[in-house]
Every structure is written in C-alpha cells, then in structure tokens.
Amino acid sequence: IHDLLFLLSLYIVGTVVGGSVLLLRILGRIKITHWERFPKYSRNPELFRKGLIVVSNHPSLLEPLLVAGLFFTQYLVHPFKLSPWNVSEEKNYNNIWWRWAKSRIIWVDRKSPEKARKTFIKVKNVISSGGLVILFPEGGRTFKRQKLHSEMGKAVAILQEGIGLLIRKTEAP
C-alpha cells in the first residue's frame, strides 16, 4: 500500500510540479544555467551508481519542490530509483500540505545533536544505496542567514557543517 500511495502521489503531484517547472522555464520566471550539465540518468547511468547529492540554495520554501521537479522526466521513468529525497526541517514541512511528499522527506532537527546525527546516517545510507538526495546546506532560507557575496554580487548563506563530511563519506557526485 505504501508503494502504491507513493506512486500515485509521485505521478499526480510530480506531473503538476514537473509541468509547472517546465512552464516557469519557458516563461522565463526561473532560469537554469548550463542545463546541459544537469545529471540525467539516460546520458550517464554510471554517475548515479554511488548515489547523487544535489545542493541548492534556499531563497524560499518552494525550492524543495522546484528542485525535485527538475528530475521530473527521470523519476516518471524510474520512480523508485530516481525519485529524489529531500532533507528538510520538520518544523517547516511536517504539515498537511506536504503529507503527500512525506515518503521522500528525511527530517532534520539541527537543535538536537542526536537527531542531527541520526539524520546524517540516514542520508548517508540513502546515498550509499544509490539514492538521489537534495540538500540545502545553508541551514535555512538564504535571506535569514549570514551571507557571503560573489564577485558578481550574488549572495549565498554560509554553509552548515556536514555537507563536506557527507560528500567525503559517500564519495557521491
């Protein structure tokens, strides 16, 4: 039953999200630079063998949905293998509006070292088993954090500890 509910929510919501992301790209509301570099299973299945870590900044609460929508064409063909996992803070997403996505969310609680450690182990295990994980290492939305600025003036919040360790421990691209 769990797998059936997962597939139903994936195909219904995934189609809406994926279509919305495509429409937003066509309308110029979101811009993806170097789309040709985006990891695609059909082009390079070997890349996904060790799992995959997708890192994004977090200007709003919509990024977990939008970034997952970028993998739309891939998870419709390989739903269990290529459906991304989101690492999200429970206080922001554990409500009725996100219930449909609960099966692919790994909750993080940064205030509890023990819970954060358990989350790290779960994320590591998902990646090591070939899973695709979306992380927002700023530790929250960009505008709420202390920032660094690029030469071009773009802001990114200072990354939280753990992302580097996760990459080293999993060796995932």
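Observations on the structure shown:
- Test for Glu114: is it of a type in the set (D, E, K, R), part of a loop (DSSP other than H, G, I, E, B) and either at pLDDT 85 or above or under 18 Å from the mean Cα position of the chain (by Cα) (or both): no
- Taking first residues from region 10-22 that are within 17 Å of Asn86 (Cβ to Cβ) and partners that are in a helix (DSSP H, G or I) and open to solvent by 70 Å² or more (accessible area, probe 1.4 Å), the Cβ contacts under 8 Å between residues at least 6 apart in sequence or on separate chains come to Val13/Trp100; Gly18/Thr73.
- Close pairs from region 112-128: first more than 17 Å from Glu89 (Cα to Cα), partner open to solvent by 90 Å² or more (accessible area, probe 1.4 Å) and acidic (Asp, Glu), Cβ under 6 Å, at least 6 apart: none
- The single condition among (1) assigned to a strand (DSSP E or B); (2) open to solvent by less than 50 Å² (accessible area, probe 1.4 Å) that Gly139 does not satisfy is (1).
Matching residues to (1) among the basic types (Lys, Arg); (2) touching a strand residue (DSSP E or B) at 6+ places or on another chain (Cβ under 8 Å); (3) at pLDDT below 80; (4) in a helix (DSSP H, G or I):
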| site | (1), (2), (3), (4) |
| --- | --- |
| Arg29 | yes, no, no, no |
| Leu47 | no, no, no, yes |
| Asn57 | no, yes, yes, no |
| Tyr75 | no, no, no, yes |
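Residue-wise test of (1) more than 16 Å from the chain's Cα centre (by Cα); (2) under 23 Å from Arg168 (Cα atoms).
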{"position": "Leu24", "(1), (2)": "yes, no"}
{"position": "Lys40", "(1), (2)": "no, yes"}
{"position": "Leu52", "(1), (2)": "no, yes"}
{"position": "Glu63", "(1), (2)": "no, no"}
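- Residue in region 161-169 that is under 18 Å from Ile53 (Cα atoms) and more than 18 Å from the chain's Cα centre (by Cα) present: yes
The values are calculated or read from the model by the stated rules, or taken from the named source; none is laboratory data. This one's a predicted model, so the numbers in the text were calculated from it and none came from an experiment. With ideal geometry, Cβ positions are generated from the backbone for all residues, glycine too; neighbour counts draw on all protein chains shown. The protein model used for the area step is the full one, side chains on, heavy atoms only, and it has no ligands, DNA or RNA in it. Shrake-Rupley method; radii C 1.70, N 1.55, O 1.52, S 1.80 Å.
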